[in-house]
Amino acid sequence: MSLESDIAVLREVPLFEDLTTDQLRLLAFGAEHRRLREGEILFRTGARADAGFVVVRGEVLLLRGEGEAEKVVARCGAGTLLGELALITETRRPATAVTATDCDVIRVTRQIFRRMLEEYPELAVSLHERIASDLAALTGKIVALQPRFDDEA
C-alpha cells in the first residue's frame, strides 16, 4: 500500500479523525504494514501491548477464554483500531486477536504515537478531552445500571 492510501485509512479511525494530513503522514510514515493469513494470531491475551493495530482489510476476531470456554467477544473489520489503550500507556492485551480472513493491518507503535503528541501538543489536549468524555459516558452507563443490581440484593 502507498503512503497516501495509509493516510486515507488512518483518517477513518475515530482516534485519528482530528489529525491534519501532515500529522497523518507522520503517523503513516512511522507505522508498519503487516499481511496476515486467515487463522493467524495478531496478539495473545496477557501479552505486553506496545502498539495499536488498524484493520485495513479483512476481519479480526477478539477471543476470551481458553479451550471450550473460548468465546468471540468482538468482530473487527476495516477501520477498527485494536489496542487503542496501548498507544497511551503500558498495558497487557485483554483478549487474543486472530484473523477470521486474510487481513492487512497497520501497526502503530506507542513510540510513534507519543512522538506525535510531543510534536503536536494540541493533540494531547484533544486526546485528554476525549478520554474524559468517554469516561464520563461510561460512568453514566454504570450509574444507570445500578437499579438492576439493587433489586437483586
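The values are calculated or read from the model by the stated rules, or taken from the named source; none is laboratory data. Predicted model, so just to flag it, every value in this text is computed and none were measured. Every residue, glycine among them, receives a Cβ derived from its backbone with ideal geometry; neighbour counts consider all protein chains shown.
When 115, 107 are screened for being touching a residue at least 60 places away in the same chain (Cβ under 8 Å), in a helix (DSSP H, G or I) and among the charged types (D, E, K, R), only 115 passes.
Set side by side, the residues 106, 7, 88 differ, and just one is surrounded by 13 or more Cβ atoms within 10 Å (Cβ to Cβ), at pLDDT 95 or above, within 25 Å of residue 126 (Cα to Cα) and not small (Gly, Ala, Ser), which is 106. The set of residues in the range 73-92 being among the acidic types (Asp, Glu) and closer than 20 Å to residue 56 by Cα consists of 84 alone. In the same structural domain as residue 20 (by TED's automatic domain parsing), over 30 Å from residue 4 (Cα atoms) and touching a strand residue (DSSP E or B) at 6+ places or on another chain (Cβ under 6 Å): does that describe residue 109? Spelling it out, it is not the case that residue 109 is in the same structural domain as residue 20 (by TED's automatic domain parsing), over 30 Å from residue 4 (Cα atoms) and touching a strand residue (DSSP E or B) at 6+ places or on another chain (Cβ under 6 Å). Residues in the range 10-40 that are of a type in the set (Val, Ile, Thr) and either under 15 Å from the mean Cα position of the chain (by Cα) or surrounded by 13 or more Cβ atoms within 10 Å (Cβ to Cβ) (or both): 13 alone. With respect to residue 130, is the statement that it is charged (D, E, K, R) and either more than 15 Å from the chain's Cα centre (by Cα) or in a strand (DSSP E or B) (or both) true? When the stated conditions are applied, residue 130 does not pass them.
Would a scan of the range 64-84 turn up a residue that is assigned to a helix (DSSP H, G or I) and surrounded by 11 or more Cβ atoms within 10 Å (Cβ to Cβ)? For the range 64-84, residues assigned to a helix (DSSP H, G or I) and surrounded by 11 or more Cβ atoms within 10 Å (Cβ to Cβ): present.
The sole residue among 24, 15, 19 that is assigned to a loop (DSSP other than H, G, I, E, B), within 23 Å of residue 125 (Cα to Cα) and either out of contact with any Ser or Thr (no Cβ under 6 Å at 6 or more places or on another chain) or at pLDDT 95 or above (or both) is 19.
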